[in-house]
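Quick notes on the structure that follows.
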Amino acid sequence: MNFDNDCISSFSWINRLDIIKALFPGQVIIPEVVFEELSKMKKTKFPYVFENIDREITKKNFLIKDIGVTDPYLKEYLQLTSMDNPKKIGRGEAAAIVIAKSLNGTLASNNLSDVLEYVKGGHPPLISTEHILYFSWKVKYISIEEGQAIWQAMKAKKRVLPDYDFFHVIKKLNNL
């Protein structure tokens, strides 16, 4: 499970990384560039957003991965982030995509406008915060009311989520 900044930080903003750990034990990968983006939070009024994630890395619950010079997807990463690319995306999104591909894993991102173009045909598979909350509800880790409270707490922290609520997420994803 390869996380982009927006998805992992949505859970860290509300101190609920436990949800990610419960659903994906030992499977959480954070690209090095995403970790660097998150580390900028240390110098804000909200250092806990970074500290929560850093703590999980220290405990070996989350893993940091870099794209090496011998990585077969390095070329794709460079193309995705190139200034010459009219559909250029951020380094965090690009790293999460190519690492997911190289590990045959799943991309976790809320930045659908940037990543959808590059996950065609379901490679790599894509999930977002709403999927993670839905799966947590399905396995009874959280209640429907708790899911709604989490959804609202994330929105209160200015996390970019769809306009609908968690009840709609359940209806939508139950029909797939």
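Key figures for this structure:
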item: Test: residue 161 is under 22 Å from residue 5 (Cβ atoms) and not assigned by TED's automatic domain parsing to the domain that holds residue 15; result: yes
item: Complete set of residues in segment 58-70 that are surrounded by 17 or more Cβ atoms within 10 Å (Cβ to Cβ), of a type in the set (A, V, I, L, M, F, W, C) and touching a strand residue (DSSP E or B) at 6+ places or on another chain (Cβ under 7 Å); result: 62
item: Odd one out for residue 124, checked against (1) out of contact with any strand residue (DSSP E or B) (no Cβ under 6 Å at 6 or more places or on another chain); (2) in the same structural domain as residue 62 (by TED's automatic domain parsing); (3) not aliphatic (A, V, I, L, M); result: (1)
item: Complete set of residues in segment 1-53 that are among the hydrophobic types (A, V, I, L, M, F, W, C) and over 19 Å from residue 135 (Cα atoms); result: 13, 30, 33, 34, 35, 38, 41, 46, 49, 50, 53
item: Sole exception among (1) touching a His at 6+ places or on another chain (Cβ under 9 Å); (2) at pLDDT below 90 for residue 101, by number; result: (2)
item: Subset of segment 82-129 that is surrounded by fewer than 18 Cβ atoms within 10 Å (Cβ to Cβ) and hydroxyl-bearing (Ser, Thr, Tyr) - its residue that is nearest to residue 151 (Cα to Cα); result: 113
item: Filtered residues of segment 6-56 (kept if of a type in the set (Gly, Ala, Ser) and touching a residue at least 24 places away in the same chain (Cβ under 8 Å)); result: 9, 10, 12, 22, 26
item: From 48, 73, residue being at pLDDT below 90 and surrounded by 14 or more Cβ atoms within 10 Å (Cβ to Cβ); result: 73
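Residues checked against (1) in contact with a Ser or Thr (Cβ under 8 Å, 6 or more places away or on another chain); (2) outside any helix (DSSP H, G or I); (3) loosely packed, with under 15 Cβ neighbours inside 10 Å; (4) β-branched (Val, Ile, Thr):
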site: 132; (1), (2), (3), (4): no, no, no, yes
site: 140; (1), (2), (3), (4): no, yes, yes, no
site: 147; (1), (2), (3), (4): yes, no, no, no
site: 150; (1), (2), (3), (4): no, no, no, yes
site: 154; (1), (2), (3), (4): yes, no, no, no
site: 161; (1), (2), (3), (4): yes, yes, no, no
site: 164; (1), (2), (3), (4): no, yes, yes, no
site: 167; (1), (2), (3), (4): no, no, yes, no
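The values are calculated or read from the model by the stated rules, or taken from the named source; none is laboratory data. These numbers come from a predicted model, not from an experiment. Don't worry about glycine lacking a Cβ; one is built from the backbone with ideal geometry, like all the others, and counts go over all protein chains shown.
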